[in-house]
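First the structure, in the form of structure tokens, and then the observations on it.
The values are calculated or read from the model by the stated rules, or taken from the named source; none is laboratory data. Bear in mind that the values here come from a model prediction, so they are computed numbers and not experimental data. Reconstructed Cβ throughout: ideal geometry from the backbone, glycine too, with neighbour counts over all protein chains shown.
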Amino acid sequence: MENKELTFEDYMNELEVILHKLENKEISLEEAVKAYTKGLEVSKKCYDILNTSESLVTEKMTEAGLVDFPKESL
């Protein structure tokens, strides 16, 4: 099976599933902790994707002379 990298949208959908699972009042404490931990991992992946995308946009805007960002903000 092909190992395909998930998209930001895929991760956000996964977070929604985890959130619904955590909102279920029938979930055990053990399952809630597992879901919460998985949610933190997925959230980190979303953050990394957003951070990388922001850096790329900032770089392209700076190269194009559209915005002059201070170096310390990068």
Note to self: Kindly evaluate residue 18 against the criterion of being surrounded by 13 or more Cβ atoms within 10 Å (Cβ to Cβ), of a type outside the set (D, E, K, R) and touching a residue at least 12 places away in the same chain (Cβ under 8 Å).
What the structure shows: yes
Check: Got at least one residue in segment 57-66 being surrounded by 14 or more Cβ atoms within 10 Å (Cβ to Cβ) and modelled with pLDDT under 95?
Finding: yes
Checklist line | Residue list for segment 23-56, filter: of a type in the set (A, V, I, L, M), at pLDDT below 95 and closer than 20 Å to residue 6 by Cα | finding: 56
